[in-house]
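Structure, as structure tokens:
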Amino acid sequence: MNTLLLSPELFLHDGGIARIMRLYLKALCEFAVPGQDKVVSISLNDRPGEDRRAGAYANAALQPLIGCGHSKARFVQATLHHARRDSRIVCGHLHQLPAAWLAAKLRPGLRYFLVAHGIEVWRPFSRLETRALRGADGILCISDYTRRQLRRFCPSLEVSRLLVIPNTFDPVLAAAQPVVSNPPDPLAPRLLCVSRLTQADSYKGVDTLIEALPAIRIHHPGAQLRIVGDGDDRARLQTIVRQLGLAEAVVFTGRIDDDALRAEYEACDLFVLPSWREGFGLVYLEAMIHGKPCLAARAGGAPEVINEHVGAIADYGDIPGIVAAVSDLVTHPRDPGRIRAHAQTFAFPSFMQRLAAALPSAEA
């Protein structure tokens, strides 16, 4: 079976959607029968031409990898052209679903599926989006929370077509060997946050985390926070750090590559991202495969990933709650082996099994 994969981007940036869509590409290529099935990948924002990283996520079934350089016209044209020869479309974002819907209208019998990540489907839909959603053969929701939100804003969707396929973590980021995790130093725990630092993503709660650090340091005076990521909100966050006198306690690394990110996960004592609107929270899995406990907000899909055995939950924006949760993780360390075992329930082979079970309906 030939498959057309539509994505906002795969390799231009390293956000959560790009990371998970790479793994959809990897799974679809591994599903392909050698010499028989083909996978065509079209990404809206990626630059035209091959990317050197594609080899880690694709095999000979990938023909070709198309980047449209932010051109919506080129994206729609490429989608309609390749949809004439493909049996199904897996669409990686709601904003691109109308292109899949149009392709199916022009070629009756073409099946299409949507990957529903989170906030993009937690809202009322336009008339065109509603039509495209109703025409989808399956909507792959990354969490039950996202599934419920879809039903809330589009109650006419058939429940049987809303399938929960939890995200998986990239095997590339997993440590080759489990790192020996020593209990955190109660006086100087090392906190890590990985996030886009953009004004549009201010709901991630990075500012609240910084504002909680002075109170955290009352109990743990040497506590350090490292923030991985970049964006147009970084200057504001750095101003908060200076105003609170935390210049020696907070480090902004900017964007880093996978090797450096793996090293950050291995070096931290706990991972913290008290976000309000995580559809799933891929970064929590990335931290947990290194045996690191996680702190998340009681919001979105994060509570489906984190339980009391692998981390802690605080109410969004609740600074005293964040402080208490950090102290709990420092003074009552979670078992790294148990954390890794929990993360393995979301491993790539399990993801492939769930996805394989969801997609055969394309042949019905």
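For region 107-123, which positions are in a loop (DSSP other than H, G, I, E, B) and either closer than 12 Å to R88 by Cβ or not hydrophobic (A, V, I, L, M, F, W, C) (or both)? Of everything in region 107-123, those that are in a loop (DSSP other than H, G, I, E, B) and either closer than 12 Å to R88 by Cβ or not hydrophobic (A, V, I, L, M, F, W, C) (or both) turn out to be R107, P108, G109, L110, H117, G118, R123. The single condition from (1) surrounded by fewer than 23 Cβ atoms within 10 Å (Cβ to Cβ); (2) among the small types (G, A, S); (3) over 21 Å from A188 (Cβ atoms) that A324 fails is (3).
Can you give me the ranges of the helices (runs of 4 or more DSSP H) entirely in region 246-348 with at least 1 residues that are within 16 Å of the chain's Cα centre (by Cα)?
Filter on region 246-348 gives 258-267, 282-288, 336-344.
In the set (1) crowded, with 20+ Cβ neighbours inside 10 Å; (2) touching a residue at least 40 places away in the same chain (Cβ under 8 Å); (3) in contact with a helix residue (DSSP H, G or I) (Cβ under 9 Å, 6 or more places away or on another chain), the condition left unmet by R334 is number (3). Does at least one position in region 68-85 carry a residue that is over 24 Å from L102 (Cβ atoms), out of contact with any Pro (no Cβ under 6 Å at 6 or more places or on another chain) and in a helix (DSSP H, G or I)? Among the residues of region 68-85, not one is over 24 Å from L102 (Cβ atoms), out of contact with any Pro (no Cβ under 6 Å at 6 or more places or on another chain) and in a helix (DSSP H, G or I), which makes the answer no.
Before we move on, is A200 modelled with pLDDT under 95 and among the aliphatic types (A, V, I, L, M)? Step through it out loud before you land on a result.
On the way: modelled with pLDDT under 95: yes; among the aliphatic types (A, V, I, L, M): yes.
Yes, satisfied.
Taking region 180-217 as the search range and keeping residues that are in a loop (DSSP other than H, G, I, E, B) and touching a Lys or Arg at 6+ places or on another chain (Cβ under 9 Å), which one is surrounded by the most Cβ atoms within 10 Å (Cβ to Cβ)?
So the residue we want is L197.
When you scan region 60-70, do you find a residue that is closer than 28 Å to P124 by Cα, in the same structural domain as R19 (by TED's automatic domain parsing), β-branched (V, I, T) and in contact with a helix residue (DSSP H, G or I) (Cβ under 8 Å, 6 or more places away or on another chain), even just one? No, that holds for no residue. Scanning region 1-49 for residues that are in contact with a Pro (Cβ under 8 Å, 6 or more places away or on another chain) and surrounded by fewer than 15 Cβ atoms within 10 Å (Cβ to Cβ) yields a count of 0.
I'm trying to understand the selection: among the residues of region 218-230, which are in contact (Cβ under 8 Å) with a residue 24 or more places away in the chain and surrounded by fewer than 20 Cβ atoms within 10 Å (Cβ to Cβ)? Answer for region 218-230, where residues must be in contact (Cβ under 8 Å) with a residue 24 or more places away in the chain and surrounded by fewer than 20 Cβ atoms within 10 Å (Cβ to Cβ): H219, P221, G222, Q224, R226, D230.
Could we say that D185 is of a type in the set (D, E), over 26 Å from the mean Cα position of the chain (by Cα) and either modelled with pLDDT under 95 or not assigned by TED's automatic domain parsing to the domain that holds I339 (or both) here? Judged against the criteria, D185 is a match.
The values are calculated or read from the model by the stated rules, or taken from the named source; none is laboratory data. Everything numeric here is computed off the predicted structure, so don't read it as measured data. For neighbour counting, all protein chains shown are included, and Cβ atoms are generated from backbone atoms with ideal geometry for every residue, glycine included.
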